[in-house]
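Contents: one structure, followed by commentary.
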Amino acid sequence: MALTPSVMKDLLTPAPPFSLPDVVSGKVYSLDDFKRNPGFLVMFICAHCPYVKHVEAELANLGHDFQEKQLGIVAISSNFVGTHPEDAPEKLKEQAERLGFPFPYLYDETQGVARLYNAVCTPDFFLYDGDMKLAYRGQLDASRPGKSIPVTGKDIRFAINAVLSGRMPPEDQKPSIGCNIKWKPR
């Protein structure tokens, strides 16, 4: 496990396009499916990472809490299953069903979408405004595995509420920290 901070991509960068299958339904989702939402959250996660396991219940809570406010949300797993079979689509489906994720959980087999988003760790968060411009790229909250700080989603919830109110979150954002994405050997 390599501890990796997220890349602090420039704010107002447009959301890159994607087209990926949902591990639960098999339906293919694209960026166009979320362009009518007042905000759009992309979360790069996986099933095996201890940092994701630490926050996965809060990710499900986020989905439920912001469903009525029409926040678009997708989770994406981009890990190479050749070295991490616990992140294969059927394992991701088990995770989504166990937690009751109310959002699509997409599988990025080619890892091309992770590269387009500059995702480097799990979890890695990218929040876009209604114009699909990057408004937040940072941590869920200050909690980490093995620390006494509770998981609340404080930082991302603040950013989501700002976006849904038509405001930009403050530019001072702390990077997410987690396991590195497991890249295919080149």
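For segment 134-163: of the residues being charged (D, E, K, R) and over 16 Å from the mean Cα position of the chain (by Cα), which is farthest from Asp10 (Cα to Cα)?
Only one residue fits best here, namely Lys147.
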Members of segment 161-181 found to be of a type outside the set (S, T, N, Q), at pLDDT below 95 and crowded, with 20+ Cβ neighbours inside 10 Å, listed by number: Pro169, Gly178, Cys179, Ile181
Complete set of residues in segment 3-16 that are over 15 Å from the mean Cα position of the chain (by Cα) and under 22 Å from Phe103 (Cα atoms): Pro14
So Val113, is it over 25 Å from Gln67 (Cα atoms), surrounded by 15 or more Cβ atoms within 10 Å (Cβ to Cβ), touching a residue at least 60 places away in the same chain (Cβ under 8 Å) and under 14 Å from the mean Cα position of the chain (by Cα): no
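Per-residue answers, yes or no, for (1) out of contact with any helix residue (DSSP H, G or I) (no Cβ under 6 Å at 6 or more places or on another chain); (2) loosely packed, with under 13 Cβ neighbours inside 10 Å; (3) within 21 Å of Ile177 (Cβ to Cβ); (4) touching a residue at least 24 places away in the same chain (Cβ under 8 Å):
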position	(1), (2), (3), (4)
Val7	yes, no, yes, yes
Leu11	yes, no, yes, yes
Lys35	yes, no, no, yes
Leu41	yes, no, yes, yes
Val55	yes, no, yes, yes
Gly63	yes, no, no, yes
Asn79	no, no, yes, yes
His84	yes, no, yes, yes
Pro89	yes, no, no, yes
Verdict on Gly138 being assigned to a loop (DSSP other than H, G, I, E, B), buried (at least 19 other Cβ atoms within 10 Å of the Cβ) and at pLDDT below 95: yes
Residues of segment 142-165 satisfying the condition of being without any contact (Cβ under 8 Å) to a residue 60 or more places away in the chain and either over 17 Å from Met43 (Cβ atoms) or not aromatic (Phe, Trp, Tyr) (or both): Ala142, Gly146, Lys147, Ser148, Ile149, Pro150, Lys154, Asp155, Ala159, Asn161, Ala162, Ser165
Only listed residue being modelled with pLDDT of 95 or more, more than 19 Å from Leu20 (Cβ to Cβ) and either touching a strand residue (DSSP E or B) at 6+ places or on another chain (Cβ under 8 Å) or surrounded by 19 or more Cβ atoms within 10 Å (Cβ to Cβ) (or both), chosen from Asp155, Asp131: Asp155
Residue count for segment 4-31, restricted to those that are assigned to a strand (DSSP E or B) and either within 22 Å of Leu92 (Cα to Cα) or of a type in the set (Lys, Arg) (or both): 8
Qualifying residue in segment 44-61 (condition: closer than 28 Å to Glu171 by Cβ, over 13 Å from the mean Cα position of the chain (by Cα) and among the polar types (S, T, N, Q)): yes
Count of residues meeting criterion [farther than 24 Å from Gln67 by Cα and assigned to a loop (DSSP other than H, G, I, E, B)] in segment 174-186: 8
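Just to confirm my filter: which helices (runs of 4 or more DSSP H) fall fully inside segment 32-135 and include at least 3 residues that are under 22 Å from Thr152 (Cβ atoms)? Steps first, answer last, please.
Details: elements: 50-65, 89-99, 112-117.
Those helices (runs of 4 or more DSSP H) span 50-65, 89-99.
The values are calculated or read from the model by the stated rules, or taken from the named source; none is laboratory data. Note that the structure is predicted; figures quoted are calculated from it, not measured. Positions of Cβ are backbone-derived with ideal geometry, glycine not excepted, and every protein chain shown enters the neighbour counts.
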